[in-house]
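What follows draws every value from the coordinates through simple rules; no lab data is involved. Everything quoted here is computed from the prediction, not taken from an experiment. Virtual Cβ from ideal backbone geometry, glycine too; neighbours counted across all protein chains shown.
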Amino acid sequence: MDEVLSVTKEIADSITISIETGLLAKQANGSVTVRSGDTIVFSAATMSRETRNDIDFMPLVVDFDEKMYAAGKFPGGFFKREGRPSERAILYSRIIDRSIRPLFPKGLRNDVCISSFPLSIDNNFPADVLAIIASSAALCISDIPFDGPVGAVRVGRINKEFILNPTIDQIEQSDVDIVVVGKEDNILMIEGGFNEIPEDKIIEAINFAIPAIINICNLQKELISMVNPTKSSVYLQEPTEDIVSAINSILTDKITEKFPLKTKQDFENLERELKEEVISNLSEKFGLEYVESNILLISQAFQNRLKKIIRNYVIKNKKRVDGRGLDEIRPISIQVGLLPRTHGSALFTRGQTQALSITTLGTQEDSQIIDTLYQSSNEIRKRYMHHYNFPGFSVGEAKPSRGPGRREIGHGALAEKALLPVLPKESDFPYTIRVVSEILESNGSSSMASTCGSSLSLMDAGVPISKHVGGIAMGLIYEGDEIVVLSDITGLEDALGDMDFKVTGTVDGISALQLDVKVSGISVSALSTAIKKAGDGRKIIIEKMNQAISRPREMLSNYAPRIEMIQINPEKISDIIGQGGKIIKKIIEDTGSKISIEQDGKIFIASTSKEGLKKTIEIIQNIVKPIVPGQVYIGKVTKIFNFGALVEISPGKEGLVHISELSKTRVKNVEDVLKLGDEVAVKVLDLESNGKINLSIKALSEDFSDLKKDKYSKKQKGTNK
């Protein structure tokens, strides 16, 4: 295709989106650029010609790469080249993947790769929403089988008014930040963070997004009609009728007589027995060689049949495989403060899912510097981090740890988002906070367990969060006209259901949510039911959490640093730092404290001892305190001349005691009276216009010998006036 084709549409008031194809990357199966304002995102979709027969899943890879040139920036770091994807890029990749994955045909086993990156960035149009649209459009105009298009928008809320596709500045002011992806009026994916918003307002935000989503889908349809692509006829891995029929005759509804199965292991044992029976029967009927050559198709048919039986059982009996009712929460147990040397810890167990969350408190130097695409007048630092680890042993797998994958990063980001609304302001609690959730056992809802565990751990650490945040994962089963919503789903129910809907919040409202579906969309009414039931379940969970610890501890751990923040005039910063950092280095050396200074005059002081903290604050306050004539100081002699001596009365502030001001009696040699390093009391006589300070000892005593008395000795350092 040599012709450049483009479509443009105003999807809402003052928001225009353009999609273009035919200019860039013409060897890809499909490629487009999507533009809104000065933000332009490129996306290419490619598919392998060969079908993979060695796998039983759809091999989709989605990559979003941050290109710093798009914002006119150099990448941070030594190499000045984009390398490992940032956390933001990984999260963007995940939301694209989750938005499009349900729309590929079942049984597709060709490798499909979506590559997206920004070509131009401005602060008015974040790239994530445009990347979803670009990925959808690239697939739709390609020959790759795909049941699109999909539309995506972000919704914010300022002064209780919803805003479509808010700017970066508006997002920071908003109490709602939600990305909604849909196909016409069905919802495919949601990712959002909120400032304790009521459930009904979430539904309003979703409904607010739908007209724009429909407009974006229609815009893509215009481009599709212009390109008029022919979709490839690809092999879909589907079990033959013989296999399906044979398995259906073996696996009947009678297996539900073995329900309830209380544990994950009970179900896995039954599943193993049933599969062995199926393979044995098929081997007798078709021969062992046939079974071995079609084992993936047999496994697929087996799982489909088992899934159908369980779904029907839940719908018919309004009970689940483990015997719980549809809205019943698994048993919860909680322990806090179980690790003696950490700053805070909590063990949250719900059913067979267990999260150990550990809080660490640090100084501002421990905050994370974010290298972002978006322009900011200040360096962006992250003072709260949540990290989620999911080792193989948590699900009984024998595999080594190779660092966090995309799933771990995504779950950590969700729990982080969930707790942001209840964290104290930096001015009230000047600590960098890191929480790590170690998933020690998993059978569904581990990200929600890490949210609950982290809220408990923060309170155990003495972080003054305003209230507990709880989390719950909701499931859904669609069968014909029947819709069943499940509260607190297990891993099995996640696998056999049509939805994984994670909702976090306090007793007063929702703080974060994440929706993934496995069908071609679900209705807003079904979502509304799930959100309401999630609220009921969340309050039960929070009640259990409050029984374990209901308010932050009054004292920090003995092993946590003590941090205080003081505000000074920014013009005095140079006085504290000194030439070449001489003064601040000396303060740190003398007190053992850590000191971090911001451009606006905020100074963060951290020390492992109260005495060190107090001493550091006193030194800094003395430095910034103006020198006043008539004031008395205890100073140290730093230099001696034949005409007098320099005395340091405050770090970086020295004054001259002229030889004539040493005593009322005549002093022949300065060194007869003072030695280097002596601590003496001095009085400020005057300040000259050039900043020089004139000091006097004579003004304090009748003769120099009086200074040896206790009146102005080292013991009296606190007498500075």
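General observations
- Projecting the Cα atoms of Ile477, Ala534, Ser689 onto the dipole axis of the chain, where Lys and Arg carry +1 and Asp and Glu carry -1 at the beta carbon, places Ser689 farthest toward the positive end.
- Cα point-scatterer Debye curve for the chain, base-10 log of I(q)/I(0) at q = 0.05, 0.08, 0.11 Å⁻¹: -0.36, -0.75, -1.19
- Take the Cα of Ser233, step 7 Å toward its Cβ, do the same at Glu479, and the gap between the two points is 3.6 nm.
- Rounded to 5, percent antiparallel among DSSP beta bridges of the chain: 90 percent
- For the range 460-550, trypsin sites (Lys or Arg not before Pro) are listed when DSSP marks them as loop and at most 12 other Cβ atoms sit within 10 Å of their Cβ; the list is empty.
- Cβ-based charge dipole, the chain, positive-most Cα from Phe104, Leu296, Val517: Val517
- Expected 222 nm ellipticity per residue - DSSP helices of 4 or more, -39500 (n - 2.57), all of the chain, to 500: -9500 deg cm²/dmol
- Pairs of lysine residues in the range 241-317 - Cα separation under 26 Å, sequence separation of 8 or more or cross-chain: 27
- Note on Lys639: lysines with a C-alpha under 16 Å away, same-chain residues under 8 apart excluded, are Lys653, Lys675, Lys692.
- Angle between the chain longest axis and helix 199-227 axis [Cα atoms, degrees, rounded to 10]: 60 degrees
- Considering only Val227, Gly193, Val181, the residue lying farthest towards the positive end of the dipole of the range 178-236 is Val227, judged by Cα position with unit charges set on Cβ.
- Among the listed pairs Lys636/Lys668; Lys467/Lys502; Lys67/Lys399; Lys160/Lys532; Lys585/Lys614; Lys417/Lys539, those beyond 24 Å (Cα-Cα): Lys67/Lys399
- Here's the list of lysines a cross-link from Lys231 could span, going by alpha-carbon distance under 30 Å and ignoring same-chain residues fewer than 8 apart: Lys9, Lys26, Lys106, Lys183, Lys221, Lys518.
- Size of charge dipole - the chain - debye, nearest 20, with Cβ of Lys, Arg +1 and Asp, Glu -1, no other charges: 2900 debye
- Packing-based ranking, highest mean first, of 29-41, 232-244 given that Cβ atoms within 10 Å are counted: 29-41, 232-244
- Estimated FRET transfer efficiency when R0 is 56 angstrom, pair Lys518-Ile627 (beta carbons, to 0.05): 0.20
- Amide N of the range 545-564 lying under 19 Å from the label point, which is placed 7 angstrom from the Cα of Ser333 along Cα→Cβ: 545-549
- Net dipole in debye of the range 5-227 [+1 Lys, Arg Cβ; -1 Asp, Glu Cβ; about Cα centre; nearest 20]: 720 debye
- Averaged over residues, the count of other Cβ atoms within 10 Å places the peptides 174-183, 263-272 in the sequence 174-183, 263-272, highest first.
- Sorted on the mean count of surrounding Cβ atoms within 10 Å across their residues, most packed first, peptides 87-99, 317-329 read 87-99, 317-329.
- Cα centroid of the range 67-94 to Cα centroid of the range 175-225, whole Å: 27 Å
- Convex hull volume per residue in cubic angstrom - Cα atoms of the range 313-419: 192 Å³
- FRET efficiency for Lys582 and Thr665, using Cβ-Cβ distance with R0 set to 35 Å, rounded to 0.05: 0.45
- Using the Cβ-Cβ distance between Lys319 and Glu543 with R0 = 25 Å, the FRET efficiency computed as 1/(1 + (r/R0)^6) comes to roughly 0.55.
- With contacts taken as Cα pairs under 8 Å and at least 6 residues apart, the range 495-581 reaches a relative contact order of 21 percent.
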